[in-house]
Amino acid sequence: MSSQIFPSDVQQSLDLVGIFVFALSGGLLAVRKNMDIFGICVLAEVTALGGGVMRDLVIGATPVAAFTNLGYFLTPLVAGLVVFFLHPEVERINRAVQTLDALGLGLFCVTGTAKAHDYGLGAVAAIALGMVTAAGGGVMRDVLAGEIPSLLRWDREIYAVPALVGSALVVVLIGLDRLTAATGTAAALTAFVLRMLALKYGWRAPRAWHRNGSRTSEE
Amino acid sequence: MSSQIFPSDVQQSLDLVGIFVFALSGGLLAVRKNMDIFGICVLAEVTALGGGVMRDLVIGATPVAAFTNLGYFLTPLVAGLVVFFLHPEVERINRAVQTLDALGLGLFCVTGTAKAHDYGLGAVAAIALGMVTAAGGGVMRDVLAGEIPSLLRWDREIYAVPALVGSALVVVLIGLDRLTAATGTAAALTAFVLRMLALKYGWRAPRAWHRNGSRTSEE
Amino acid sequence: MSSQIFPSDVQQSLDLVGIFVFALSGGLLAVRKNMDIFGICVLAEVTALGGGVMRDLVIGATPVAAFTNLGYFLTPLVAGLVVFFLHPEVERINRAVQTLDALGLGLFCVTGTAKAHDYGLGAVAAIALGMVTAAGGGVMRDVLAGEIPSLLRWDREIYAVPALVGSALVVVLIGLDRLTAATGTAAALTAFVLRMLALKYGWRAPRAWHRNGSRTSEE
């Protein structure tokens, strides 16, 4: 199936890196929420695989990939154990984790869009599912931890817009019949760079205007 | 497929109206929660399409309709933008939005039940899925916004019971082989009128009895 | 299909008992959260059937069993009504409810693992889905009630580990070609006994170490 933009072993390696760093972010939130080792591993699994599971359910690709590829399932457990034993160290390299998370974001929006397209979805739906693949796990992580998803909060740097750009580039490339390992990588890197710039310069999306006396609490 | 109770273009128009007003309610909650433009659009999408997605996943109708029909996907984005730019005006016509939301409730419980029946589900399951179609998006909206779903709260006017009545009428009509555009409309209007009466007269469902000294906190 | 470890009528009876007690726990939480009769029934349904629905969606067994088996759907409603009318009595026999809940845990991790294996999933994925079947409904219950899932909290007795042991035993039995009604029951009882011991002796899972001055709030 053509969702394999990259040679299969390269794809697998990239997927595992993305899954690992997403899982780290889930495990770290679990530690901050004072969860036990089991909660850390569950939140690592959900964060790393949740977006891909949502995509596979929506397009009908069952059994979902997260449960048929052993590496996909075991990697978050490893990340959970790393966080369990080394969380102060992982927190300290938070900057590096954010960078890797941005790489995961770029990679998953590209592969998610390509897979959705392979299953016959149209351009807009494929873009949406690319974003779901990249950001859905983080939403599930926050809901399980009892927080409003950071994706939806105005006071966080933009996360979905970089994924949107990466996914849209993939759709354009498919339309031009130019989706290759090289151009797919370029699309992923574009999303990655946008996310890093958003973090560096504090880019945020606008809120709705609260005019003449409406409530302006900062929540 | 016979889930098309109405001529296909009428069905499509009715669906889009229902999706639009559901999306408005999602967008308004996002504004109240101080979310940014992206959060507004995500909550609009989830509220408008969440119930139908749940139904399609449960019956195995994949890829789900919300991602294969471009109009279904774009309509909530338009509603999100309307809320972003005009939310004080939309709040001001809240009464009209509630009326349209009740229309969406009536419509979706009818079409959801019919679609579930088409996929071979029994009467009770089809009724349940009609209710899920009508109310599921609102539940997802509230969970993402960090609130207990208003559907479950005792201090809100009944919402699911009107959907239950509408869905049950559809199952009876199917059993009698009398489900047509006219009778389907009548079922939807019954649910609509019940919901409007519940709003007007403050109908609420009973809570469990807190007897002799048990906790009676108002939550 | 070989997921029928037990004769079909025995399986059905055991399933209904498990569903009933899971539904009681959902209904009781709804009462504590001051929900109305409808909220009680919704939380009973979600708690009892949510885990199985998640498993069926992931493996692609649609329409999901919870909506094709009338008894599965009606049992939680009965439990919801029992809680509505008799919740002080049900609270008073909380110890008995916990025992029954542990039985449900043991049963569902065994049948969930067996069903996942029947659908072609590997050993690790089948174990994971056994745990999802047993514990997923409780997670959905807590999210809908606005709480952090008790499964993830460090201050609750271990719940998932007994399910993990039961599921792993089933996979070993399948590997040895020894999964029968007798050995399946033994696996379920092992999980049940572990859960009861955890409750009796307050077994909890460890949290990540908060070293030298990191935050140690008890949340």
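Using r as the Cβ-Cβ distance of A:SER150 and C:THR99, and R0 as 41 Å, what FRET efficiency do you calculate, to the nearest 0.05?
It comes out at approximately 0.55.
Determine the dipole magnitude for the range C:133-186: charges of +1 sit on the beta-carbon of Lys and Arg, -1 on that of Asp and Glu, nothing else is charged, the reference point is the Cα centre, and the result goes in debye to the nearest 20.
80
Each label point is 7 Å from the Cα along the Cα-to-Cβ direction; what then is the distance between the points at C:TRP203 and C:LEU74, in nm?
Going by the 7 Å Cα→Cβ label model, 3.9 nm.
Quick check on chain C: helices-only [θ] at 222 nm, where DSSP H runs of length 4 and up contribute -39,500 (n - 2.57) each and the sum goes over total residues. Nearest 500, please.
So the helix-based figure for chain C works out to -25000 deg cm²/dmol.
Quick check for me: using +1 on Lys/Arg Cβ and -1 on Asp/Glu Cβ, what's the dipole size of the protein assembly as shown about its Cα centre, in debye to the nearest 20?
Using Cβ point charges on Lys, Arg, Asp and Glu, the protein assembly as shown gives about 1140 debye.
Ratio to report: Rg/Rh of chain A, with Cα atoms as the point set and Rh obtained by the Kirkwood method; give two decimals.
0.98
Report the percentage of all Cα-Cα pairs in the protein assembly as shown whose separation exceeds 33 Å, rounded to a whole percent.
46
The range B:85-164: percent of C-alpha pairs farther apart than 19 Å?
47
Mean-square fluctuation check for chain C, GNM, Cα pairs under 10 Å: which of C:LEU197, C:LEU16, C:LEU43 is largest?
Of the options given, C:LEU197 has the highest mean-square fluctuation.
Distances in nm, one decimal, shortest first, from C:ALA96 to the same residue in every other copy, taking the label point 7 angstrom along Cα→Cβ.
Distances to the matching label points in the other copies: 5.8, 5.8 nm.
Quick one: compute the contact order of the range C:15-126, relative version, from alpha carbon pairs under 8 angstrom and 6+ residues apart, as a percent.
35
What is the Cα centroid distance between the range B:30-86 and the range B:120-161, reported in whole angstrom?
The two parts, judged by their Cα centres, are 16 Å apart.
Could you tell me how many cubic angstrom of Cα convex hull volume the range A:1-97 has per residue?
About 104 Å³ per residue, rounded to a whole number.
What's the average, rounded to a whole number, of partner chain beta-carbon atoms within 10 Å of each residue's beta-carbon in C:116-122?
The shielding value for this peptide is 2.
Using Cα pairs under 8 angstrom and six or more residues apart, how large is the relative contact order of chain B, in percent?
The value is 23 percent.
Straight distance only, please: which lysines reach the Cα of C:LYS33 with their own Cα at less than 24 Å, same-chain residues fewer than 8 apart left out?
Within the straight-line limit of under 24 Å, C:LYS33 reaches these lysines: A:LYS33, B:LYS33.
Using +1 on the beta carbon of Lys and Arg, -1 on that of Asp and Glu, and nothing else charged, what's the dipole of chain C about the Cα centre, debye to 20?
The calculated dipole for chain C is roughly 640 debye.
Along the charge dipole of the protein assembly as shown, Cβ charges K/R +1 and D/E -1, which of B:ILE127, B:LEU197, C:PRO88 sits furthest on the positive end?
With unit charges placed on the Cβ atoms, the residue in question is C:PRO88.
Give me C:SER150, B:SER167 ranked fewest to most by other Cβ atoms within 10 Å of their Cβ, as a rough exposure proxy.
Neighbour counts put them in this order, fewest first: C:SER150, B:SER167.
For peptide B:53-62, compute the average count of partner chain beta-carbon atoms within 10 Å of each residue's beta-carbon.
The mean count of partner-chain Cβ atoms within 10 Å per residue comes to 6.
Most fluctuating residue of C:ALA188, C:ALA198, C:ALA114 in a GNM of chain C with Cα springs under 10 Å: which is it?
C:ALA198
Once the convex hull of the alpha carbons of the range A:89-219 is built, what does its volume come to per residue, in cubic angstrom?
144
Roughly how crowded by other chains is peptide A:64-70, in terms of the mean Cβ count from those chains within 10 Å of each of its Cβ atoms?
Counting other chains' Cβ atoms within 10 Å and averaging over A:64-70 gives 5.
What aspartates and glutamates sit close enough to A:LYS115 to cross-link, taking a C-alpha to C-alpha distance under 19 Å and skipping anything fewer than 8 places away on the same chain?
Reachable aspartates and glutamates: A:ASP9, A:ASP15, A:ASP56, A:ASP177.
For chain C, modelled as a Gaussian network with Cα springs under 10 Å, which listed residue fluctuates most, C:LEU70, C:LEU173, C:LEU107?
Largest GNM mean-square fluctuation: C:LEU70.
The numbers here are math on the coordinates, done by the rules we state, and not lab data. Here the structure is a predicted model, which is why all the values come from computation and not from measurement. Positions of Cβ are backbone-derived with ideal geometry, glycine not excepted, and every protein chain shown enters the neighbour counts.
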